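**Q** Below you'll find the structure I mean.
Any read-out appearing in this document is the output of simple, stated calculations on the displayed coordinates, not a laboratory observation. Keep in mind it's a predicted model, so treat the numbers as computed, not measured. Neighbour counts run over all protein chains shown; Cβ positions are idealised from the backbone, glycine included.
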Amino acid sequence: MRGPETEPKLGDYLAPLHDRVIAELRKAILTRRFKPGERLVEGRLADELGVSRNPVREAIRALASEGLIELTARHGASVVVISDQEARETIEVRALLEGQNARLAARRQDTETIKRIKSVLKKGNLAVSSGRFDELLGLNQEFHQELARAGQNGVLGDLLKRLRERTEMLFSPMAPSRQARSWQEHAGILEAIVAGDERAAAALAAEHVLRAGTDFLVELAGVEEDPPQIKSPAAMLKQNRAPEALAQGSRRRQPASAKR
């Protein structure tokens, strides 16, 4: 995390220090600078960020509440390790909820929120075409936050917010090809919402989550091959097989040790 000596540290900024430390540590985890299972030592982090230990300690607690950091009495803080099963179950739930939210967004046609989503989409596409991939993590979060608002269901929005906080690590694609595909999928979801096509919006939103989740599971298993094909949106809705499609794809890619 340490840059050139001339680069300012977080302690040099006037913005709220607590928020900046949380944002920096979250970004380091989601971009895999800190690997799953890696220990997070307060003193070392404080030195690298140019701050005291207190804001680092507070940030660690905040990110532990989001599910990104694990705290134990014996080993202290470390980046959370997500098992194959936990990842698959979480992806299944998020696919269902994101699909329902997109359906509601297509039904309710919140004009102002849709305008904001279009603006975020434009920024994301520009970042992809310009190769500014470091900007996409924040833009992706903004896109899904605005999408949740477009559904106009407070309970569902709160569930999605907590689920996103817990599972951001699963949905932070790294490869440029995956980044570009992700924003193409965002465009398709928005197009269906604007058209008022509830069925297509729900299917495309669920498929978007399934694709990102499948990429993560393939990476987790260390399998060097293309992710499994996902059913078309119409087929997923007709058969209600979105979670099953992901689960079957994951089982086909279990490492040999898991099958013994």
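**Q** Take residue 74 and decide whether it is in contact with an Asp or Glu (Cβ under 7 Å, 6 or more places away or on another chain), charged (D, E, K, R) and not in a strand (DSSP E or B).
**A** On the way: in contact with an Asp or Glu (Cβ under 7 Å, 6 or more places away or on another chain): no; charged (D, E, K, R): yes; not in a strand (DSSP E or B): yes.
In short, no.
Here is a yes/no grid of residues against (1) crowded, with 19+ Cβ neighbours inside 10 Å; (2) not small (Gly, Ala, Ser):
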| residue | (1), (2) |
| --- | --- |
| 62 | no, no |
| 86 | no, yes |
| 94 | yes, yes |
| 122 | no, yes |
| 136 | yes, yes |
| 147 | yes, yes |
| 159 | no, yes |
